[in-house]
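What follows is a short report on a single structure.
The values are calculated or read from the model by the stated rules, or taken from the named source; none is laboratory data. On a predicted model such as this, the values are computed, not experimentally measured, just so you know. Note: ideal-geometry Cβ built from the backbone for every residue, glycine included; neighbour counts use all protein chains shown. Each accessible area value is taken on the protein alone, full model and side chains, heavy atoms only, with ligands, DNA and RNA left out. Shrake-Rupley method; radii C 1.70, N 1.55, O 1.52, S 1.80 Å.
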Amino acid sequence: MKKLTALCIIAAIGLLAGCGADKNAWIEEGKGKIGATLDCGQFVVDGQVRTFPSSISDWTDNGWHISNNYENKDTFELEADIISNQFELFSDENEDEYVRMYAINLGSEPAKIPDCTVNEVKIQVADNDGYAKVVLPGGITCKSTKEDVIAAYGEPLSTEDDTLLYTYESQDGLEIEVEIRALMDKVDEVCYTISEKNWGYVGNAEDCKAFIDDALKASFYCDYASYVENKFDTEENAQALYDAEVEYYAQGLMYYLAVDYENVDEGIAQGFYEVAKQVLAKFKWDAPVVDLGEGSTYGSFELTMYPTDFLDIILEDAQAVADSGVEGDEYAQGMLDAVSQKVEAISYKDPVTMTYDIDLDNGVVSNDDWDEIDDILMDYAE
């Protein structure tokens, strides 16, 4: 009996020690993991440091998953430069915990949601086990008041419906908006968003005209100063856009001439890429004519394009190389020599005028329409 009594006493002491534990230890622990100001670009969720913006995979590979309510979550791909609809991520450990997100695809090709960037994350917080334990820079949590927030970050840029708006610049130079709602004088919701001010705003007919013309100049002339200045994309992505057009035309030209572009000598292939750049520089179109009502997000634009006659004027000399009987890289070099001397002789075929849809909520111009414009100007259209 004495041994059992001793065990019971030890258990009771342990229970009392547990009751005396600091329930708010997570706040100090989280506060110590990140900086004290919003521009550190980090916050803590359930003990894990989160950076904003980041890849969605930083969440899905570390304790969170996309809601199972989306049947196509494993197959859906988001188009380039598009922001997704809102969706939820749920905690793997606590099925009641979730965050709301929007994704943005900052790449040049369609991508699955985990491979995209978090464009916005919104988290409801409360002093309750069913909510994520969120610590913002400076130790702001669900226990903080509006006055605590202002003391930590200064006066907000604006206050609306109990929501304080702050901004900071990320390490990538992006403007980030942070909205902190303090309902009933306690912080109950936090939202980080990549500001729309980072992207070129297209909201009316004149904006559309500028966007389309700038995109065409970036694509074919490698002239992307205005495209980047208007924040339609980054300089890196604009250069990638031009490089992709050069590759598309060069490979199409080699295919047209029966040159094996996958196995041809690297130096010869580079020669075709240089020809492609010279031909693209000859492309011509009229300023787009945009039909978009005031306040409308749907409309259309008319574009008159002037396809080059390059594929026609190289035909005779190319046929002579084909009839010569040479093969392999010798054949490819012969074709390159034959077509290179024709670039300066380029003129234009009859103009082609097409009408395309505008959707301001979905990238302005669809990828299929951009592809058709490419093929018309390159004279690849069937």
Out of all the residues in segment 108-123, is one or more farther than 29 Å from F232 by Cβ, in a loop (DSSP other than H, G, I, E, B) and either open to solvent by 10 Å² or more (accessible area, probe 1.4 Å) or touching a residue at least 24 places away in the same chain (Cβ under 8 Å) (or both)? no
Which condition number in (1) modelled with pLDDT under 95; (2) of a type in the set (F, W, Y); (3) open to solvent by 70 Å² or more (accessible area, probe 1.4 Å) is the one that Y248 fails? (1)
Quick check on G325: is it among the small types (G, A, S) and modelled with pLDDT under 95? yes
For segment 225-237, check the following and say yes or no: at least one residue is assigned to a loop (DSSP other than H, G, I, E, B), of a type in the set (F, W, Y) and either at negative phi or open to solvent by 30 Å² or more (accessible area, probe 1.4 Å) (or both). yes
Test A332 against the stated conditions and say whether it is exposed (fewer than 11 other Cβ atoms within 10 Å of the Cβ) and at pLDDT 95 or above. no
Suppose the filter is part of a helix (DSSP H, G or I), at pLDDT below 95 and of a type outside the set (A, V, I, L, M); does G14 pass it? yes
In segment 169-219, anything over 16 Å from D81 (Cα atoms), assigned to a strand (DSSP E or B), under 22 Å from the mean Cα position of the chain (by Cα) and at pLDDT 95 or above is listed as I176, E177, V178, E179, C191, Y192
Where the second residue is outside any helix (DSSP H, G or I) and open to solvent by 10 Å² or more (accessible area, probe 1.4 Å) and the first is more than 19 Å from Q278 (Cβ to Cβ) and lies in segment 303-323, which pairs have Cβ atoms under 6 Å and are six or more apart or on separate chains? L303/M354; T304/D286; T304/P351; T304/T353
Condition check: touching a residue at least 60 places away in the same chain (Cβ under 8 Å) and in contact with a helix residue (DSSP H, G or I) (Cβ under 9 Å, 6 or more places away or on another chain). Does P137 satisfy that? yes
Confirm whether Y348 is surrounded by 18 or more Cβ atoms within 10 Å (Cβ to Cβ), modelled with pLDDT of 95 or more and of a type in the set (S, T, Y). no
Only one of these conditions is not met by T353: (1) on the phi > 0 side of the Ramachandran plot; (2) among the β-branched types (V, I, T); (3) at pLDDT 95 or above. Which number is it? (1)
Quick check on my filter: what residues within segment 141-167 are surrounded by 18 or more Cβ atoms within 10 Å (Cβ to Cβ), in contact with a Leu (Cβ under 8 Å, 6 or more places away or on another chain) and closer than 22 Å to S54 by Cα? Y166
Taking into account only those residues within segment 268-303 that are more than 16 Å from Q251 (Cβ to Cβ), aromatic (F, W, Y) and touching an Asp or Glu at 6+ places or on another chain (Cβ under 9 Å), which is most open to solvent (accessible area, probe 1.4 Å)? Y298
Please determine, by comparing only the residues of segment 191-218 that are among the polar types (S, T, N, Q) and free of Cβ contacts under 8 Å to residues at least 40 places away in the same chain, which one is least open to solvent (accessible area, probe 1.4 Å). S195
Residues E71, E109: which one is modelled with pLDDT under 95, closer than 30 Å to D371 by Cα and more than 20 Å from the chain's Cα centre (by Cα)? E71
Can you give me the number of residues within segment 304-329 that are of a type in the set (S, T, N, Q) and surrounded by 15 or more Cβ atoms within 10 Å (Cβ to Cβ)? 1
